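Accompanying notes for the structure given below.
Read-outs throughout are calculated quantities, based only on the coordinates presented, and are distinct from any laboratory measurement. If you're wondering where the values come from, they're calculated on a predicted model, not measured in any experiment. Virtual Cβ from ideal backbone geometry, glycine too; neighbours counted across all protein chains shown.
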Amino acid sequence: MGLKERFRPVLDLFFPPKCVYCGRLGDYLCRPCRDEAQPIGREVCIRCGNPMTVRSVCHLCRRDPPDPLRGIRGVFFYKGPISQSIRSLKYHGVQELATILGMFLVDYLREHPIPIDMLIPVPLHAQRLAARGFNQSELLAQTITRTLGIPTRNDILRRVRATQSQTHLNRVQRQQNVAGAFEPYPGVDLRGRSVLLIDDVATTGATLRACAQPLARAGAAEIWALTVARAHIHTVPGAGRASAPPADVFLLWDGERKRSAGMVI
Ligand SMILES: [Zn+2]
Ligand SMILES: [Zn+2]
């Protein structure tokens, strides 16, 4: 037990935890703010996990499925209390939030069991890890380990190349940005093993896919990914898309993009 944990009751007395979203005293994410988090639900693309109007395979995955990932799943939309909690964890070091957010992953796995042998947190580059002091994905995975007993393995995958922020990149640029950024540690043999990648947030899934490729080369039988949140790129797709998706299976993001572009859907 670390010093901070040991003196937690005393620290809480003098510096009571405060909700990172609304500022209410008592918890790092208060109950009303937790209730405000929007779950993605079951109507998703069964491959990439993007929210859909109907559970199906989305038009993006029909063209370019996220192989070798079997599937990506996210628990919440990257909005409001969830996006604030993830930012507070990553950029302000409120590590207690990893337990709260990690328990959302536990609840998800209890409801949607995935047969897996181990959790692999998406690794940070050594420089980023040194600067931040912790890997938020590893803290999330450890919460699952403590609750469900599935081991967290940080000795499988490493980030061998630092990458630029993906924020202003489009789907194709994101894939190029992270290509070859991850490698298994020497001697890793995953033959017959099923693994679950853990990360805080996924957008196009490019990072998760770049993680899955070396795991597949190391022999992994099945590779899944689970994130606390799912975000989308705030851009309007260019005109002249080759084939429009059937009207009943729109990605919810498509609807949002069209609304923001002033198009009627
Ligand atoms: Zn709150
Ligand atoms: Zn998809």
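Summarising the amide proton neighbourhood of residue 94: residues at separation of 5 or more, or on other chains, whose placed amide H is nearer than 5 Å comprise 89.
Ellipsoid semi-axes for the chain, based on the Cα gyration tensor and the rule √(5λ), read 30, 24, 17 Å when sorted largest first. Exposure proxy for 193, 47: other Cβ atoms within 10 Å of each Cβ, ordered fewest to most, give 193, 47. GNM remark for the chain: springs join alpha carbons under 10 Å apart, and the peak mean-square fluctuation among 229, 181, 130 falls on 130. Working ranking of peptides 68-81, 198-211, 24-37, 139-152 by packing, defined as the average number of other Cβ atoms within 10 Å per residue, highest first, is 198-211, 68-81, 139-152, 24-37. The order of 99, 163, 227, going from fewest to most other C-beta atoms within 10 Å of their C-beta, is 99, 163, 227.
Amide H to amide H, with H built 1.01 Å from N, residue 197 comes under 5 Å of 120, 224, 225, 226, counting only residues 5 or more places away or on other chains. Neighbour counts of C-beta atoms inside 10 Å place 120, 40 in the sequence 40, 120, starting with the fewest.
Per residue, the chain reaches -10500 deg cm²/dmol at 222 nm when only DSSP H runs of four or more residues are counted, each adding -39500 (n - 2.57).
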